[in-house]
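Input: a single structure, listed below in structure tokens.
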Amino acid sequence: QSKRARRRRRFKMSVGGLLASADFWEKESGAPLLRRNAGFLLADEPLSAELQERVARWPALCGADSSDGTVVPEGGCEDEAALRIFLRDAERTFSDGGHQTRMIDLLKRVWPENKDYHQGLGYTASLLMLLFDEDAAVSILLELTRNERFTPGYWKAAPDAYVRDAMVYTRLIEERHPQVHALLASACLVPEAYASKWFIGLCVHVLPFAALFDFVEAFLEEGYLFLFKFSIAIVAATSEHLLQYKSTDVNKILEVLRLDIGLYPDDYEGGAFFTRLVAEAKATKLEKEQVDTLRVEEGEKLAEKMRKTREREAQLAAEESDDEIVFSDEEDD
């Protein structure tokens with residue numbers, strides 16, 4: 001077996017994961033990951049047959065159950081900076097040290113794919129850990145980062161693919177919700193400041209679990225298009241709230257867009273707000289062709305912007321180098 005990759009094999013896509021452990025709730029009842037569980041997963045009870053059947057479909061929805069299996073990178077992660085981040089994110093996710101170690105091990109297995117990391121990967125990985133064994137979780141994560149239907153390039157420290165899509169989101173909001181767009185522009189709020197939790201983190205820590213499971217299923221079924229549909233729906237659902245603020249109320253605007261738990265607790269509108277939000281996102285009309293066209297346009301703009309930035313950095317570096325030159329007639333005797 002290669003040190004770089006496992007041989008192709010079909011993963012056993014069994015529903016199990018941490019929730020199958022008899023002592024899970026004893027160890028994790030106060031875990032940050034479960035902050036928005038809101039009673040969806042019942043403590044000290046196995047997953048219902050209905051929920052097990054539902055979750056068991058997730059690998060097929062994204063194509064991670066393909067008969068070819070998936071080539072899984074090997075070699076782990078020896079990057080000390082990345083390992084420190086893995087540890088911090090695991091500590092922010094689980095209470096139990098053993099579960100933290102398992103999360104780190106999972107992230108180390110996925111690391112060779114991108115040799116980079118974004119916290120959104122940790123969010124997604126931790127949710128899958130609740131439900132699937134490690135091999136199945138890795139297979140799903142790799143499908144999401146490799147398949148063009150989903151979000152390749154998102155799980156990097158500087159994710160250009162996400163920045164491009166955030167620019168696309170801005171175009172869509174300008175078209176569909178011009179007043180909100182004007183408010184955000186006046187407040188100098190770029191989507192990178194808030195939309196990553198929807199696009200990269202897949203709404204883990206944003207939506208209560210009942211709505212989160214609906215969100216994940218829709219994403220696995222529709223791919224990246226659903227993320228744009230959700231972003232449109234969340235602006236529509238919060239626009240009345242947003243337009244109460246002035247452009248100087250930056251923190252308040254961000255709290256709304258992030259669905260801050262202080263403003264939108266789990267029982268907001270009896271809890272119906274969140275499930276309705278995802279349902280409205282699924283029903284939002286948005287053509288893939290429009291999104292793909294905007295992706296090309298915004299991708300070109302981003303590439304040009306980055307090119308100019310690199311040129312400017314090179315110019316500044318050259319000027320700094322020139323400033324450090326000591327000519328012979330300036331040297332001390």
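The values are calculated or read from the model by the stated rules, or taken from the named source; none is laboratory data. It should be emphasised that the depicted structure is a prediction, and the values quoted were computed from it without experimental measurement. Please note: Cβ atoms are built from the backbone with ideal geometry, for glycine as well, and neighbour counts cover all protein chains shown.
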The number of residues in the stretch 185-203 that are touching a Gly at 6+ places or on another chain (Cβ under 8 Å) and assigned to a loop (DSSP other than H, G, I, E, B) is 3
Scanning the stretch 257-283 residue by residue, the ones that are touching a residue at least 40 places away in the same chain (Cβ under 8 Å) and either outside the structural domain of LEU172 (by TED's automatic domain parsing) or under 21 Å from the mean Cα position of the chain (by Cα) (or both) total 13
Checked pairs for the stretch 211-229, first charged (D, E, K, R), second surrounded by 24 or more Cβ atoms within 10 Å (Cβ to Cβ) and in a helix (DSSP H, G or I), C-beta under 6 Å and 6 or more apart or across chains, list as ASP214/VAL278; LYS229/ALA281
Scanning the stretch 265-300 residue by residue, those under 22 Å from ARG149 (Cα atoms) and touching a helix residue (DSSP H, G or I) at 6+ places or on another chain (Cβ under 7 Å) turn out to be VAL278, GLU280, ALA281, LYS282, THR284, LEU286, LYS288, VAL291, LEU294, ARG295, GLU298, GLY299
| task | Report yes if some residue within the stretch 274-286 is at pLDDT below 95 and closer than 30 Å to PHE213 by Cα; otherwise report no. | result | no
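Tell me which residues, restricted to the stretch 84-97, are part of a helix (DSSP H, G or I) and touching a residue at least 24 places away in the same chain (Cβ under 8 Å).
ILE85, PHE86, ASP89, ALA90
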Residues in the stretch 18-56 that are within 21 Å of the chain's Cα centre (by Cα) and surrounded by fewer than 16 Cβ atoms within 10 Å (Cβ to Cβ) total 2
Listed by first then second residue, the pairs whose first member lies in the stretch 22-42 and is in a helix (DSSP H, G or I), whose partner is surrounded by fewer than 18 Cβ atoms within 10 Å (Cβ to Cβ), with beta carbons under 7 Å and at least 6 positions apart or on separate chains, are TRP25/ALA43; TRP25/ASP44; LYS27/SER95; LYS27/ASP96; GLU28/SER95; GLU28/ASP96; PRO32/ARG92
Note: among ALA82, ALA38, just one is more than 28 Å from ALA158 (Cα to Cα), touching a helix residue (DSSP H, G or I) at 6+ places or on another chain (Cβ under 9 Å) and either at pLDDT 95 or above or not charged (D, E, K, R) (or both), namely ALA38
In the set LEU220, LEU254, LEU207, LEU227, the lone residue that is under 27 Å from GLY122 (Cα atoms), modelled with pLDDT of 95 or more and either outside any helix (DSSP H, G or I) or not assigned by TED's automatic domain parsing to the domain that holds ARG176 (or both) is LEU207
Do the conditions hold for SER247, that is, is it in contact (Cβ under 8 Å) with a residue 12 or more places away in the chain, polar (S, T, N, Q), assigned by TED's automatic domain parsing to the domain that holds ASP214 and within 17 Å of TYR169 (Cα to Cα)?
no
Exception for VAL296 within (1) in the same structural domain as PHE199 (by TED's automatic domain parsing); (2) within 20 Å of PHE199 (Cβ to Cβ); (3) not in a loop (DSSP other than H, G, I, E, B) falls at (1)
**Study point:** Condition check for GLN315: at pLDDT 95 or above, in a helix (DSSP H, G or I) and of a type in the set (S, T, N, Q)
**Key:** no
Is it true that ALA193 is in contact with a Lys or Arg (Cβ under 9 Å, 6 or more places away or on another chain) and surrounded by 15 or more Cβ atoms within 10 Å (Cβ to Cβ)? no
